Amino acid sequence: MPSTRRQFLATSSIALGATAPGLCTSDAPNPTRPLIVSTWPFGKASNDEALRVLTKGGSILDAVEHGIKVTELDTKNRSVGISGSPNAAGVVQQDACIMHGPGHQAGSVAAIEGIIHPISAARRVMEKTPHVMLVGDGARMFAIEEGLKSIDVDSSKLHEAWRKERASKKQAVQKRSKGDHDTIALLVLGSDGNIAGGCSTSGWGGKLPGRVGDSPIIGSGLYIDNEVGAAGATGLGENVMRHCASFMVVDFMRQGLHPQEACLRAIHRISRIDPLATEDLAINFVALDKKGRYGAAGTGTGFKYSVTTKSSSVVLQSPGVTSKDIGPEGGNRK
Ligand code: GLY
């Protein structure tokens, strides 16, 4: 067996062994449902709300929307919601998407300004239009027409000031730090075995106006195959988008991998293809499958994610993948 494969299997089995008490991560015939998995410790409050919605008889889509709304409203959060980091012109532009496993439906909004709940706008795009994605002013106008809460945004003055600064080269686009990537991606496996998920973020602080990240791109920031499972991403969106990474994770689960192995496998594969060092990719994934199993993995030291069932709501540490785990160029490409 090539050493890289041995390393991968070793990482996987360590990670698979690191399960939280009371949570179903095995191949148990009676999976724990409902199951909610989301990115980062702040996802826990969203998970708890999603579970509350389900317990009261709400749908899996209601659970995703109302769960994510909790994080969008958190004024301390600097990377999700209207209090997120502004772009280079000083304007907060948000991205969000939602996906419903049954019927394979999706909706998203990108670079939307002044809408308190972009996740709700994404859901309405899915449910009320023949489209999948609306962007910028069109997305904002649609959300306002739908009666969603908004704030006045006069970004024209900010954009003008930015253009002047840029012309005088006083302001460059802010470099993104590896820690600045706290998208919420939230996945729900319902009691009936159906799956839904969503993402929301204000994206890269200091990004160029109009920049869209991975979060609203179906297959990149989120993907659901109702026969298999779901995956969501957080991290440097550009490095997720170039690899259709959430689709890749779900596809690995379709091939029979445990969600955690699928997340690890995707990072290994991306690391082999991508010219960036594994640690510099700064990408992280959560996943769950139809059987009620879940997992996560991130580059470097990994990241924290939240897992909620009726009996437990916990924050867990994912395994990490570093350049040392990847092995030499041209090795066993997973
Ligand atoms: N992952 C969120 C973003 O890069 O915008």
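Local charge for Gly295 was computed over the other residues whose Cβ lies under 11 Å away, with Lys and Arg +1 and Asp and Glu -1, and equals 0. Summing charges over all other residues whose Cβ lies under 13 Å from the Cβ of Ile115, with Lys and Arg as +1 and Asp and Glu as -1, gives -2.
Within the set of other residues whose C-beta is less than 12 Å from the C-beta of Asp225, count the net charge using Lys and Arg as +1 and Asp and Glu as -1. Computed value for this residue: -1.
Across the cross-link table entries Lys69/Lys310; Lys128/Lys207; Lys44/Lys290; Lys76/Lys304, which are compared at the Cα atoms, the separations over 23 Å belong to Lys128/Lys207.
What whole-number value in Å² describes the accessible area per residue of the range 175-316 for a 1.4 Å probe?
Numbers: 3970 Å² over 142 residues.
Value returned for the range 175-316: 28 Å² of accessible area per residue.
Stokes-Einstein diffusion for the range 50-121, with the hydrodynamic radius set to the Kirkwood value over Cα pairs and evaluated at 25 °C in a medium of 0.890 mPa s, equals 189 µm²/s.
In this structure, the amide hydrogen of Val92, modeled 1.01 Å from its nitrogen in the peptide plane, lies closer than 5 angstrom to those of Asn87, counting only residues at least 5 positions away or on a different chain.
The range 234-305 has equivalent-ellipsoid semi-axes of 20, 13, 10 Å, by the square roots of 5 times the alpha carbon gyration tensor eigenvalues, sorted largest first.
Cα centroids of the range 266-289 and the range 41-61: 28 Å apart. In this entry, the range 191-334 is assigned a mean projected area of 8.9 nm², taken as a quarter of its C-alpha convex hull surface. When the charge dipole of the range 179-228 is built from unit charges on Cβ atoms (+1 for Lys and Arg, -1 for Asp and Glu) and taken about the Cα centre, the candidate among Trp204, Gly219, Leu187 whose Cα reaches farthest toward its positive end is Trp204. Per residue, the convex hull spanned by the Cα atoms of the range 205-258 amounts to 67 cubic angstrom.
The values are calculated or read from the model by the stated rules, or taken from the named source; none is laboratory data. Since this is a predicted model, take the numbers as computed values, not measurements. Don't worry about glycine lacking a Cβ; one is built from the backbone with ideal geometry, like all the others, and counts go over all protein chains shown. All accessible areas refer to the heavy atoms of the entire protein, side chains included, with ligands and DNA or RNA removed. Shrake-Rupley method; radii C 1.70, N 1.55, O 1.52, S 1.80 Å.
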